[in-house]
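Some notes on the structure that comes next.
The values are calculated or read from the model by the stated rules, or taken from the named source; none is laboratory data. Since the structure is predicted, the reported quantities are computational estimates derived from the model, not experimental observations. No Cβ is skipped: glycine too gets one built from the backbone with ideal geometry, and neighbour counts run over all protein chains shown.
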Amino acid sequence: MTTINKIRNLLIGAALMTTISNPLMAASTSGTTNVTVTVPEFIVLHYYSSITLNFATPETEAINQGQNSMDVSWSGTTSNGSSLESGNLMTAKLELDGTKTNVKLNNVWAVRGFSKSGNATVAVTIPQNKMTLGSSEIGISNAQVTDGTNTGVSISTKLGGITRAGATLGGVRMDLDFSKTSLSGTHTGGQYTITATTI
């Protein structure tokens, strides 16, 4: 092999080595996309469709009203003695005269979702204000909702997003009137309605 051929082969080899060790630079460009998400107003209300309130059995008692003295004729008629009347009956352990029982139902509703303000209103109404068993009646009045911070017929409460962990839990308070209750057993027919609205 001539010197010129050797030099030519060396040059070709060097050129190949340079090409392999130094590849051509790749072409590159990039673009940035702005992403926007529109979240709709959305609300979920959790509630019980039926609640049964089982009152504890009050303690049965016998109340000693003191002593009494009456005049009795030989025909058996009595006179001149005091008699029991509603006004002189002594106080029992369970007294509901002129009072209503305020029942507090804890964690009986929950709301979650999205709104423009991050809040929702929760309100309660009473479409059926009495429960009955024959002639016996229990009245319902003064229903309110509470989230632990706010209490009222209608309250503004926080919507913590759509997750169950972020739900706001709340209760219901109501007065029960036993002044027309005469029978033991299950009284039915009362209703309250919870309404949740995004704001």
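Okay, here's what the table says:
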{"item": "Residue within region 95-114 that is in contact (Cβ under 8 Å) with a residue 24 or more places away in the chain and more than 26 Å from Y192 (Cα to Cα) present", "result": "no"}
{"item": "Residues of region 95-110 satisfying the condition of being assigned to a loop (DSSP other than H, G, I, E, B) and surrounded by fewer than 13 Cβ atoms within 10 Å (Cβ to Cβ)", "result": "E95, D97, G98, T99"}
{"item": "Positions within region 150-191 being under 13 Å from the mean Cα position of the chain (by Cα), more than 15 Å from T121 (Cα to Cα) and surrounded by 14 or more Cβ atoms within 10 Å (Cβ to Cβ), in sequence order", "result": "R173"}
{"item": "Residue satisfying all of: in region 56-87; acidic (D, E) and part of a loop (DSSP other than H, G, I, E, B); farthest from the chain's Cα centre (by Cα) among these", "result": "E85"}
{"item": "Enumeration of residues in region 119-149 that are of a type in the set (V, I, T) and either surrounded by 14 or more Cβ atoms within 10 Å (Cβ to Cβ) or at positive phi (or both)", "result": "T121, V122, V124, I126, T132, I138, I140, V145, T146"}
{"item": "From G139, G185, G171, G113, residue being assigned to a strand (DSSP E or B), among the small types (G, A, S), farther than 18 Å from L45 by Cβ and at pLDDT 95 or above", "result": "G139"}
{"item": "Qualifying residue in region 160-168 (condition: more than 30 Å from P40 (Cβ to Cβ) and either touching a residue at least 24 places away in the same chain (Cβ under 8 Å) or among the basic types (K, R) (or both))", "result": "no"}
{"item": "Single condition S49 does not satisfy, out of (1) within 30 Å of I138 (Cα to Cα); (2) modelled with pLDDT of 85 or more; (3) not in a loop (DSSP other than H, G, I, E, B)", "result": "(3)"}
{"item": "Test: residue in region 33-41 that is closer than 30 Å to L169 by Cβ and either in contact with a Lys or Arg (Cβ under 6 Å, 6 or more places away or on another chain) or modelled with pLDDT under 70 (or both)", "result": "no"}
{"item": "Residue, nearest to K180 (Cα to Cα), within region 83-110, restricted to residues that are modelled with pLDDT of 80 or more and of a type in the set (K, R)", "result": "K100"}
{"item": "Residue satisfying all of: in region 63-82; modelled with pLDDT under 80 and of a type in the set (G, A, S); surrounded by the fewest Cβ atoms within 10 Å (Cβ to Cβ) among these", "result": "G66"}
